1. Please give the contour-minus-distance gain from residue 76 to residue 182: 0.36 nm per residue of separation, less the Cα-Cα distance, rounded to one decimal in nm.
2. Working out 0.36 nm times the residue gap between residue 159 and residue 111, then minus their Cα-Cα distance, what length gain in nm do you get to one decimal?
3. Can you compute the FRET efficiency between residue 260 and residue 217 using 1/(1 + (r/R0)^6), with r the Cβ-Cβ distance and R0 = 41 Å? Round to the nearest 0.05.
4. At what distance in nm do the modelled label points of residue 233 and residue 269 sit from each other, each positioned 7 Å from its Cα along Cα→Cβ?
5. Once a ≥ b ≥ c are taken as the square roots of the eigenvalues of the Cα gyration tensor of the stretch 95-184, is the result rounded (a/c under 1.5), prolate (a/b larger than b/c) or oblate (a/b not larger than b/c)?
6. Rounded, prolate or oblate for the stretch 193-273? Axes are the square roots of the Cα gyration tensor eigenvalues, ordered a ≥ b ≥ c, and the cut-off for rounded is a/c under 1.5.
7. Does the stretch 149-291 classify as rounded, prolate or oblate by the C-alpha gyration tensor (a ≥ b ≥ c root eigenvalues; a/c under 1.5 gives rounded; else a/b over b/c gives prolate, otherwise oblate)?
8. Taking the Cα-to-Cβ direction at residue 250 and at residue 277 and moving 7 Å from each Cα, how far apart do the two end points lie in nm?
Amino acid sequence: MSHDVIRSGLSRRQLIKGLGAASLLPLAAGAALFAIGGQSAGQVIVVGGGFGGATAAKYLKRANPAIEVILVEPAETFYTCPFSNLFLGGLRDMRSIAHGYDELTDRYGVRVIHATAEDIDSAARKVTLSTGRVLEYDRLVLSPGIDIRWNALEGYDEAAAEKAPHAWKAGAQTELLRRQLEEMEDGGTFVMVAPANPFRCPPGPYERASLIAHYFSEYKPKSKVLILDAKDNFSKQGLFMEGWERLYGDRIEWVGLSDDGRVTRVDADTLEVETEFGTVHRADVLNVIPPQKAGWIAERAGSSTPPAGYR
């Protein structure tokens, strides 16, 4: 979101309602927000090349080709988190969820710079890149995705993620988790740690559990899925649990907060987790989905704190 939107005091519901009017978004963004004196539309920098950033860059340029749109994104290939669970379930390969940025540049005229936005000076309207280059902007759109809150869960840091992957950012972590599933002996237990709200993609952990159970039913029929959850309710819970019972029987076990499902400590070396009341569970493959936050550049820019009236 741009600083102008972030600081407007709009409620989340109002903002989503506004963005949902798809036919009005290009007109509003291109013709109203970014027109300058009725002539040059100025320069817009979009930080982050995921779904939000790439879509914003595309439609800004389509709405008003006079806008100079620069997308700042360190990765040359974007792996989509949607469909990454299908890769884990053996129904897709990584190539099918990999996307480059050539279409944005060649078809729409967006300028893509593969670098990290290291600092933002909102008063001077400047973005400093990891290359040392400084870009000026008339408007700024921040769409940096999420960062992991390392050590918010005892024992879970970046080193632990190399043994008990989160795979909540698609790419190398997804491939690691897939290899672990392939190497697991039939009869093993896949343990997933699901976080408390809020986190990105509320149905995601349960979709993942479903697809891994599908993989087990095809290739490792003696294996099970155990979900340890820091919540008593989750998105689309009724539909998931009905489907689990019908398709997988007792292959998936879900333990909610009230039944001692909240994990408080992780030991990635032994693949063990400990819950709030001291129960220890050992996994053959351990998937920890930890607490998350907005991408750090949003915090650095002062845009990660909800404005007054946000809910």
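All of the numbers you see were taken from the coordinates with simple rules; none came from a lab. Just so it is clear, the structure is predicted and the values come from calculations on it, not from any experiment. Neighbour counts are summed over all protein chains in view; Cβ atoms, including those assigned to glycine, are modelled from backbone coordinates with ideal geometry.
1. Computed gain between residue 76 and residue 182 is 35.4 nm.
2. Extending this stretch completely gives an extra 13.8 nm.
3. Approximately 0.90, to the nearest 0.05.
4. Here the modelled spin labels are 4.1 nm apart.
5. The shape class here is oblate.
6. oblate
7. Judged from the Cα gyration tensor, the stretch 149-291 comes out rounded (a/c under 1.5).
8. Calculated label separation equals 2.1 nm.
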